[in-house]
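Nothing in this text is a laboratory measurement; each read-out follows from the coordinates by a stated rule. Since the structure is predicted, the reported quantities are computational estimates derived from the model, not experimental observations. Virtual Cβ from ideal backbone geometry, glycine too; neighbours counted across all protein chains shown.
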Amino acid sequence: MRDPLLARLADAIHDGGIDLVAAFPSVAYDAAGPPPELTAGALLPGARSMIVVGSGGTHLWRRFTDWLAVDPKGRLLAEAHPLDHYVAGVLDRGSAVLADAGVRARRLEPTFLFQPRIDFRRLGALSGLGAPSPIGMVVHPVFGPWWALRGAWLCDRDLVPTPPLSRPCEGCPAPCRAAIPPGSEGTILAATLAARTACVLSAERYSDEQVAYHYTPDEGLRRLAARLEAS
């Protein structure tokens, strides 16, 4: 049975491109051993549950570029990190659902500038949305490495935990290993474009435009700006 509050939150953020949602008890997060200042109780006194959300494949990118197209110069060029800015706006909708339900919550984001910094790879595994892989990423059983965690909320409400998804790397011949830089297996440095592309799980690979945005940001922004200007 899906938790009704979690279902409402999922509905609120789905149209924005964030379509993967899971929840688990906050005691499981604490059991994984975060630093004392980053335990659930330290981050949110009275915390009971953790909600984790992500995006798979190209859905988020399509919604993001639709949003940019409304005002390309104002939205693409005015922000140092336009995708992060867009995602934060989508997460605002989820925060509003929790607030309307009377839930006290603290939002967490995996962006470089967000504080406090917590281990979102650990959250991805604890939530059951994915599992650790040789390329250092938490791999989703459908989207493989072509997905990302986008945010989380600690909240003071007991939620029905979502069942974990399968562990896709178990039993896999791991062709990705051939593309991993020496000495980096299991670390985030292993997540090269070649290693991600070699993964056998690629239900919906990122577009070339999105890959460029993440791996060569300057070129990616130029390519995106040129397309939006021409459309």
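Kindly indicate whether any position in region 116-126 is surrounded by 16 or more Cβ atoms within 10 Å (Cβ to Cβ), in contact with a Pro (Cβ under 6 Å, 6 or more places away or on another chain), part of a helix (DSSP H, G or I) and aromatic (Phe, Trp, Tyr). Looking for residues that are surrounded by 16 or more Cβ atoms within 10 Å (Cβ to Cβ), in contact with a Pro (Cβ under 6 Å, 6 or more places away or on another chain), part of a helix (DSSP H, G or I) and aromatic (Phe, Trp, Tyr), one finds at least one in region 116-126, hence yes.
For region 173-191, a residue qualifies if it is of a type in the set (A, V, I, L, M, F, W, C) and buried (at least 16 other Cβ atoms within 10 Å of the Cβ), and the qualifying residues are ALA174, CYS176, ALA179, ILE180, ALA190, ALA191.
Tallying residues that are among the basic types (Lys, Arg) and within 22 Å of GLY89 (Cβ to Cβ) within region 125-159 yields 1. Scanning region 135-145 for residues that are under 20 Å from ALA203 (Cβ atoms) and surrounded by fewer than 21 Cβ atoms within 10 Å (Cβ to Cβ) yields a count of 2.
What number of residues within region 89-115 are touching a Leu at 6+ places or on another chain (Cβ under 6 Å) and over 13 Å from TRP153 (Cα atoms)? Let's see the steps before the verdict.
Kept after step one, since they are touching a Leu at 6+ places or on another chain (Cβ under 6 Å), are these residues of region 89-115: 94, 97, 101, 105-106, 110.
Imposing the further condition that a residue be over 13 Å from TRP153 (Cα atoms) reduces the set to 101.
Summing the residues that are touching a Leu at 6+ places or on another chain (Cβ under 6 Å) and over 13 Å from TRP153 (Cα atoms) in region 89-115 gives 1.
Kindly indicate whether VAL160 is β-branched (Val, Ile, Thr), touching a residue at least 60 places away in the same chain (Cβ under 8 Å) and surrounded by fewer than 16 Cβ atoms within 10 Å (Cβ to Cβ). Yes.
Taking the criterion of being over 18 Å from ARG150 (Cβ atoms), of a type in the set (A, V, I, L, M, F, W, C) and without any contact (Cβ under 8 Å) to a residue 40 or more places away in the chain, would at least one residue in region 46-57 satisfy it? Within region 46-57, none of the residues are over 18 Å from ARG150 (Cβ atoms), of a type in the set (A, V, I, L, M, F, W, C) and without any contact (Cβ under 8 Å) to a residue 40 or more places away in the chain.
Selection of first residues in region 6-26 that are closer than 18 Å to ALA99 by Cα and of second residues that are small (Gly, Ala, Ser) and assigned to a strand (DSSP E or B), restricted to Cβ pairs under 6 Å at least 6 apart or on distinct chains, gives the following pairs, ordered by first then second residue: LEU6/ALA23; ALA23/SER49.
For (1) surrounded by 18 or more Cβ atoms within 10 Å (Cβ to Cβ); (2) more than 20 Å from the chain's Cα centre (by Cα); (3) not charged (D, E, K, R), each residue gets a yes or a no:
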residue: LEU193; (1), (2), (3): no, no, yes
residue: VAL200; (1), (2), (3): no, yes, yes
residue: GLU204; (1), (2), (3): no, no, no
residue: SER207; (1), (2), (3): no, no, yes
residue: GLN210; (1), (2), (3): yes, no, yes
residue: TYR215; (1), (2), (3): no, no, yes
residue: ASP218; (1), (2), (3): no, yes, no
residue: LEU228; (1), (2), (3): no, yes, yes
residue: SER231; (1), (2), (3): no, yes, yes
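Against the conditions (1) among the β-branched types (Val, Ile, Thr); (2) farther than 23 Å from SER26 by Cβ; (3) more than 14 Å from the chain's Cα centre (by Cα), VAL139 satisfies every one except (3). Of everything in region 62-107 that is free of Cβ contacts under 8 Å to residues at least 24 places away in the same chain and under 14 Å from ARG8 (Cα atoms), the residue that is surrounded by the most Cβ atoms within 10 Å (Cβ to Cβ) is ASP92.
Checked against (1) more than 21 Å from PRO132 (Cβ to Cβ); (2) in contact (Cβ under 8 Å) with a residue 24 or more places away in the chain, LEU201 passes all but a single condition, namely (1). Only one entry in ALA32, ALA42 is free of Cβ contacts under 8 Å to residues at least 60 places away in the same chain and surrounded by fewer than 21 Cβ atoms within 10 Å (Cβ to Cβ), namely ALA42.
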